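Asks: Structure below; questions to follow.
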Amino acid sequence: MRDPLLDEWHPIAASEELPEGGALPASLLGQEIVLWRGDRGVHAWPDLCLHRGARLSRGKVARNCLRCPYHGWTYSEEGQCIAIPAHPGVHPPQRAHLLPFPARERYGMVWISLGCPSGDPPPFPEWEDGSLAKTRCGPYRVNASAPRLLENFLDVAHLPIAHEGILGDPSRPEIPAYRVERRPEGGWIAADIPVWQPDPDGSSRAQTVTYTYEILRPLAARFRKTGEGKRYGILAAVHPIGLRESAFWMWNFWDPQQGVRPEEIRAHQERIFAQDRPIVESQRPELLPLDLQAELHLPSDRLAIAYRRWLAELGVGFGTG
């Protein structure tokens with residue numbers, strides 16, 4: 001069965017990472033990729049020259065073409081080899097053509113797919129909302145499978161324990177009963193989960209906030225939380241580099257009247273993820289088990305249970321056990 005992750009959009013690099021006149025190497029689902037920019041936008045190809053397999057990511061970009069660093073084979077934006085320096089009078093063979101991967105730029109990121117994605121990258125309506133402040137955090141490289149990483153993002157019960165003093169307090173660990181429902185556009189939603197937090201948004205103002213989580217795609221989710229009439233939230237997406245290696249990207253948004261600066265939000269997020277990383281990397285089995293009999297579950301795990309069931313229903317195999 002074809003893994004549906006092949007047909008998903010994945011964040012792979014920040015737009016500003018693409019070097020002027022050069023290319024950027026990346027990996028997705030175990031596939032090595034080269035990214036580069038031409039007049040027609042960002043291109044994503046297999047990272048090898050069809051001649052002798054050299055990495056095109058070590059090559060140069062000139063005149064809207066990518067040139068191999070080994071023998072100088074030159075590829076157009078369409079992926080067709082158009083010049084072979086050793087044989088200037090020879091027209092390159094038609095089969096010297098690299099098949100591109102779908103690539104788009106959204107939210108200051110390059111998103112690519114290894115298959116045939118439908119629609120756009122995950123929705124982020126706050127990106128266009130001029131009343132909100134926004135900043136990007138990450139990537140956070142983690143030695144863990146991508147589904148394990150996203151499930152941690154969805155886990156509200158770990159906040160009072162793993163993030164003591166910031167997102168919760170071990171003396172107030174209770175998670176009230178909450179409902180998980182399917183979203184009409186796909187995925188799941190769990191709304192209005194109250195949690196008391198000492199520092200919910202980097203402002204150091206303790207308060208009870210209310211979370212609403214949404215699972216948007218197999219490796220993308222978001223939450224919004226409100227407190228004292230103010231909004232704060234995160235769109236999160238996992239870049240599955242390999243089976244046990246991932247990169248986590250986050251886009252944070254908040255009401256600017258909170259008086260919190262982007263650098264404070266990023267520092268706040270760094271503190272939180274520094275607490276998450278060792279825990280997620282220590283989890284066993286390393287691949288997320290979709291058989292619900294493999295681990296123990298409680299009512300506070302309802303969203304994680306829905307997530308695992310959905311991955312099994314979709315047929316996701318990469319990063320799961």
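Asks: Where in the stretch 139-156 does the label zone of L243 land, with the point 7 angstrom along Cα→C-beta and an amide N cut-off under 15 Å?
Replies: Hits in the stretch 139-156 for L243 at 15 Å: 144-148.
Asks: A further question on this structure: Distance in nm between label sites at H91 and L314, each 7 Å beyond Cα in the beta-carbon direction?
Replies: Here the answer is 4.5 nm between the modelled labels.
Asks: Let me ask something additional. Which residues' amide hydrogens lie under 5 Å from the amide hydrogen of I82, considering only partners 5 or more residues apart or on another chain, with H built in the peptide plane?
Replies: T74, Y75, S76
Asks: Cβ under 15 Å from S76's Cβ, S76 left aside: what net charge do those residues give with Lys, Arg +1 and Asp, Glu -1?
Replies: Numbers: positive: R37, R40, K60, R63, R67, R95; negative: D39, E77, E78.
Every neighbour counted, the sum reads +3.
Asks: Let me ask another. Beyond 28 Å, what share of the Cα-Cα pairs of the chain is found? Please give it as a whole percent.
Replies: Numbers: 23213 of 51360 pairs.
Counting pairs separated by more than 28 Å, the tail of P(r) holds 45 percent.
Asks: Determine ³J(HN,Hα), in whole Hz, for all residues of the stretch 235-252 in sequence, where each value follows from phi through the Karplus function 6.51 cos²θ - 1.76 cosθ + 1.60 and θ = phi - 60°; x replaces Gly and Pro.
Replies: So the Karplus estimates, Gly and Pro as x, are 9, 10, 9, 9, 9, x, 6, x, 4, 10, 9, 9, 10, 10, 10, 9, 10, 8 Hz.
Asks: Around M109, which amide H atoms from residues at least 5 apart in sequence, or from another chain, sit under 5 Å from its own amide H, with H modelled in the peptide plane?
Replies: S15
Asks: Which order do the peptides 302-309, 18-25 come out in when sorted by mean C-beta neighbours inside 10 angstrom, highest first? Kindly include the intermediate steps, with their values, before the conclusion.
Replies: Numbers: 302-309: 20.2, 18-25: 14.8.
Most protected by this proxy first, the peptides run 302-309, 18-25.
Asks: Which aspartates and glutamates, on any chain, are close to K230 with Cα under 20 Å apart, when same-chain ones fewer than 8 places away are left out?
Replies: Candidates past the 8-residue exclusion: E126, E128, D129, D192, D199, D201, E214, D255, E263, E264.
Asks: May I ask you to evaluate 6.51 cos²θ - 1.76 cosθ + 1.60, the Karplus curve with θ = phi - 60°, for each residue of the stretch 117-125 and list the ³J(HN,Hα) values in order in whole Hz, giving x for glycine and proline?
Replies: Karplus values, whole Hz, x for Gly and Pro: x, 9, x, 10, x, x, x, 9, x.
Asks: Additional query: Sequence gap at least 6, Cα distance under 8 Å: using those rules, report the relative contact order of the stretch 47-187 to the nearest whole percent.
Replies: Relative contact order here is 8 percent.
Asks: Could you work out the relative contact order of the stretch 125-314? I mean the mean sequence separation of Cα pairs under 8 Å and 6+ apart, divided by the number of residues, in percent.
Replies: On the way: 363 pairs, mean separation 55.1, N = 190.
Normalised by residue count, the contact order of the stretch 125-314 is 29 percent.
Asks: Can you tell me how the stretch 125-314 classifies by the Cα gyration tensor, rounded, prolate or oblate, using a/c under 1.5 as the rounded cut?
Replies: Numbers: a/c = 1.43, a/b = 1.35, b/c = 1.06.
Rounded.
Asks: Using each residue's phi in the stretch 212-217, evaluate 6.51 cos²θ - 1.76 cosθ + 1.60 at θ = phi - 60° and report the 3J(HN,Hα) Karplus result to the nearest Hz, with x for Gly and Pro.
Replies: Values per residue, Gly and Pro as x: 10, 9, 9, 8, 8, 9 Hz.
Asks: Starting from the 7 Å offset along Cα-to-Cβ, what nm value, one decimal, do you get for the label separation of E174 and I82?
Replies: So the two model labels end up 6.9 nm from each other.
Asks: On to the next question. Can you give me the Kirkwood hydrodynamic radius for the stretch 151-240, using every pair of distinct Cα atoms, in Å to one decimal?
Replies: On the way: mean 1/r = 0.0736 Å⁻¹.
Answer for the stretch 151-240: a Kirkwood hydrodynamic radius of 13.6 Å.
Asks: I241's amide H: which non-local residues (gap 5+, or another chain) put their own amide H closer than 5 Å, with H modeled 1.01 Å from N in plane and none for Pro or chain starts?
Replies: L29, S246, A247
Asks: Dipole size in debye (nearest 20) for the chain around its Cα centre, Lys and Arg Cβ +1, Asp and Glu Cβ -1?
Replies: Details: 36 positive and 40 negative charges, 159 e Å.
That gives the chain a dipole magnitude of about 760 debye.
Asks: When the chain is fully extended, how far beyond the present Cα-Cα distance does A62 get from L296, taking 0.36 nm per residue of separation?
Replies: On the way: separation 234, 0.36 × 234 = 84.24 nm, distance 5.64 nm.
78.6 nm is the gain from fully extending A62 to L296.
Asks: The stretch 206-223 to the stretch 1-80: how many Å between their Cα centroids?
Replies: Cα centroid of the stretch 206-223 versus Cα centroid of the stretch 1-80: 33 Å apart.
Asks: Could you please report the charge total around D3, scoring K, R as +1 and D, E as -1 over all other residues with beta-carbon less than 15 angstrom from its beta-carbon?
Replies: Working: positive: R2, R217; negative: D7, E8, E313.
After counting each charged neighbour, the total is -1.
Asks: Same structure, new question: Among the GluC sites (Glu not before Pro) within the stretch 55-109, which fall in a DSSP loop and have no more than 13 other Cβ atoms within 10 Å of their own Cβ?
Replies: Values: sites: E77, E78, E105; in loops: E77, E78.
Answer in residue order: E78.
Asks: With viscosity set to 0.890 mPa s and temperature to 25 °C, compute the Stokes-Einstein D of the stretch 86-171, Rh being the Kirkwood radius across alpha carbon pairs; µm²/s, no decimals.
Replies: Values: Rh = 18.2 Å.
Rounded, D is 135 µm²/s.
Asks: Measure out, as a whole number of angstrom, how far apart the alpha-carbon centroids of the stretch 163-193 and the stretch 232-283 sit.
Replies: 17 Å
Here, each number is a calculation from the coordinates, and none is a lab measurement. The shown structure was predicted, so the numbers you read here are calculated from the model rather than taken from an experiment. Positions of Cβ are backbone-derived with ideal geometry, glycine not excepted, and every protein chain shown enters the neighbour counts.
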